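Student: Got a structure for you, written out below as structure tokens; questions coming shortly.
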Amino acid sequence: KKYPWLISEKAFIKNWVLKLKKPFFGICLGHQLLGEALGGNVEKSKMPEIGFKNLCAYSIKGKGEFLKGFPVNQPVLQGHSAEITDLSNPGASVLASSETCSIQIIKYLDHAFSVQFHPEAIKNTLQDWLSIPQIREDFHKALGKSGVEKLKLFHKKNLPILKKGAQAIYKNWIRPQLK
């Protein structure tokens, strides 16, 4: 009721991914919408994830090439308070989780993928986000003022590995779409 535009968005994704079998890549809300399109549930997180958290990528054996070159324990930028809590579609696979969110990366067959975190958070992204008052307030509330400063330092110091992880995901997703 609060976000009526999501009804048509979910219907579009369901048709695009399940019926038309078109390529799809979702980030954060896009991940949650794909989860619902696949019949899963999205609920308020018991513990919101905000800041850099380690992601545990499962073995990619038998799960395709989407995580090829992605570090097994990669820090990623989180910024969510809702998550997919159930995903029982037989064509869907969970490829990664975090300590507090069990469904961080999913794939559906070989054409749809999504991530709960923000791989695009490289270079100026974090600073741009923090320039938005509501996001800055959410981050300060979750991390404290010194926590936000530590977050910025971590981001700057770890930019090469963050960039490597993001490039691996993007290249692995786009490669099959070019065939």
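The values are calculated or read from the model by the stated rules, or taken from the named source; none is laboratory data. Just so it is clear, the model here is predicted, and its values are computed rather than measured. In this analysis, Cβ positions are derived from the backbone assuming ideal geometry, glycine residues included, and neighbour counts consider all displayed protein chains. Calculation scope for accessible area: heavy atoms of the full protein, side chains included, ligands and nucleic acids excluded. Shrake-Rupley method; radii C 1.70, N 1.55, O 1.52, S 1.80 Å.
Student: Which angle from 0 to 90°, rounded to the nearest 10, does the C-alpha axis of helix 145-157 make with the longest principal axis of the chain?
Tutor: Between helix and principal axis, roughly 70 degrees.
Student: Sticking with this structure for a sec: When only DSSP loop residues count, what trypsin sites (Lys or Arg not before Pro) in region 1-70 have their Cβ near at most 11 other Cβ atoms within 10 Å?
Tutor: When the trypsin sites (Lys or Arg not before Pro) of region 1-70 are filtered for loop state and at most 11 Cβ neighbours within 10 Å, LYS1, LYS2, LYS61 remain.
Student: Let me ask something additional. Give me the net charge for the shell around LYS145: Cβ to Cβ below 12 angstrom, other residues only, Lys and Arg +1, Asp and Glu -1.
Tutor: +2
Student: Which Cα, out of SER102, PRO133, LEU153, lies furthest along the positive dipole direction of region 29-179 (beta carbon charges, K/R +1, D/E -1)?
Tutor: LEU153
Student: Using only the Cα atoms of region 30-119, build the gyration tensor, take square roots of its eigenvalues as a ≥ b ≥ c, and label the shape rounded, prolate or oblate: rounded if a/c is under 1.5, else prolate if a/b is larger than b/c, else oblate.
Tutor: Judged from the Cα gyration tensor, region 30-119 comes out oblate (a/c at least 1.5, b/c at or above a/b).
Student: Looking at the chain as a GNM with Cα springs under 10 Å, which of GLN116, GLN32, GLN134 has the largest mean-square fluctuation?
Tutor: GLN134
Student: Follow-up. Please state the relative contact order of region 58-179 as a whole percent: Cα pairs under 8 Å, 6+ residues apart?
Tutor: Once divided by the residue count of region 58-179, the mean separation gives 30 percent.
Student: Considering only protein heavy atoms, what is the solvent-accessible area of ASP138 at a probe of 1.4 Å, reported in Å² to the nearest 10?
Tutor: For ASP138, solvent-accessible area is about 60 Å².
Student: Around HIS111, under 10 Å between beta carbons, what's the net of Lys plus Arg minus Asp minus Glu among the other residues?
Tutor: Here the count lands on +2.
Student: Hey, another quick one. Please list VAL148, VAL94 from largest to smallest accessible area, probe radius 1.4 Å, with all protein chains kept in place.
Tutor: So the residues, ranked largest to smallest area, are VAL94, VAL148.
Student: Keeping every protein chain present and rolling a 1.4 Å probe, give me the accessible area per residue for region 105-161 in Å².
Tutor: So region 105-161 comes to 58 Å² accessible per residue, rounded to a whole number.
Student: Over every pair of different alpha-carbon atoms in the chain, take the mean of 1/r and invert it; report that Kirkwood radius in Å.
Tutor: Hydrodynamic radius (Kirkwood, Cα only) of the chain equals 16.8 Å.
Student: Further question on the same structure: What lysines sit close enough to LYS19 to cross-link, taking a C-alpha to C-alpha distance under 28 Å and skipping anything fewer than 8 places away on the same chain?
Tutor: Result set, ordered by chain and number: LYS1, LYS2, LYS10, LYS61, LYS63, LYS68, LYS107, LYS171, LYS179.
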